[in-house]
1. Quick check on this structure: which one of F72, F91 is closer than 23 Å to W28 by Cβ, of a type in the set (F, W, Y) and modelled with pLDDT of 85 or more?
2. So the check is Cβ under 7 Å with 6+ separation or different chains; which pairs have a first residue in the range 78-101 that's at positive phi and a second one that's in a strand (DSSP E or B) and modelled with pLDDT of 80 or more?
3. Scan (1) touching a Leu at 6+ places or on another chain (Cβ under 9 Å); (2) surrounded by 14 or more Cβ atoms within 10 Å (Cβ to Cβ) for the single condition F35 breaks and write down its number.
4. Test A108 against the criterion of being in contact with a Ser or Thr (Cβ under 8 Å, 6 or more places away or on another chain), among the small types (G, A, S) and surrounded by 11 or more Cβ atoms within 10 Å (Cβ to Cβ), and give yes or no.
5. Which pairs have Cβ atoms under 7 Å, sit 6 or more apart or on different chains, and link a residue in the range 37-61 that is under 14 Å from I114 (Cβ atoms) to one that is in a loop (DSSP other than H, G, I, E, B) and at pLDDT below 90?
6. Kindly indicate whether any position in the range 78-87 is in contact with a strand residue (DSSP E or B) (Cβ under 8 Å, 6 or more places away or on another chain), modelled with pLDDT under 90, in a loop (DSSP other than H, G, I, E, B) and not basic (K, R).
7. For V80, state whether it is under 24 Å from V34 (Cα atoms) and among the hydrophobic types (A, V, I, L, M, F, W, C).
8. Do we find a residue being touching a Leu at 6+ places or on another chain (Cβ under 8 Å) and not aliphatic (A, V, I, L, M) anywhere in the range 123-130?
Amino acid sequence: MDLVQFDPFSLLRDFDRHFAGGRQAAPWLPRVDVFERGSDLVIRAEMPGVTAEEIDVTIEDRTLTLSGTRTFTHDTDDGVIHRREIQIGEFERTLVLPEGINAEEITAGVDNGILEISVPRRPEVLPRKVKVSVND
């Protein structure tokens, strides 16, 4: 199952993220869990502070892309911020899905900052039981 496609440039992005220092912070990427529930593939992504209207889920062939924008406003009268660790801005996360998915039946919903995407498999790729008969 080729659920995650290796991206050699991801190592460079991780390196930049760790050494951003005083420069502009690297964009954030939502963390994901991918697991099976029955015959569906389920993808959960952490999306704290992101509304459903700010999230785009697209699929092309077997490539699922989560994208959007996270913004926060700081309620300060004088505009002074002493520390900012919460990353904001645009995000994009791409996953390569296994063969045999049913792209027309994918559903997505967000609840308490967790985006859950359910990806059903096509009926023809589901395991099926074959009855064995005795030949006379």
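The values are calculated or read from the model by the stated rules, or taken from the named source; none is laboratory data. Model, not experiment: these values are computed from the prediction. Every residue, glycine among them, receives a Cβ derived from its backbone with ideal geometry; neighbour counts consider all protein chains shown.
1. Values: F72 fails: modelled with pLDDT of 85 or more.
Residue meeting the stated conditions: F91.
2. The qualifying pairs are G89/T69; G89/R70; G100/R121.
3. (2) is the only condition that F35 fails.
4. So A108 fits the description; yes.
5. Taking only residues 6 or more apart or on different chains, the pairs are G49/F72.
6. Yes, the range 78-87 contains at least one residue that is in contact with a strand residue (DSSP E or B) (Cβ under 8 Å, 6 or more places away or on another chain), modelled with pLDDT under 90, in a loop (DSSP other than H, G, I, E, B) and not basic (K, R).
7. No: the conditions fail for V80.
8. Looking through the range 123-130, none of the residues is touching a Leu at 6+ places or on another chain (Cβ under 8 Å) and not aliphatic (A, V, I, L, M).
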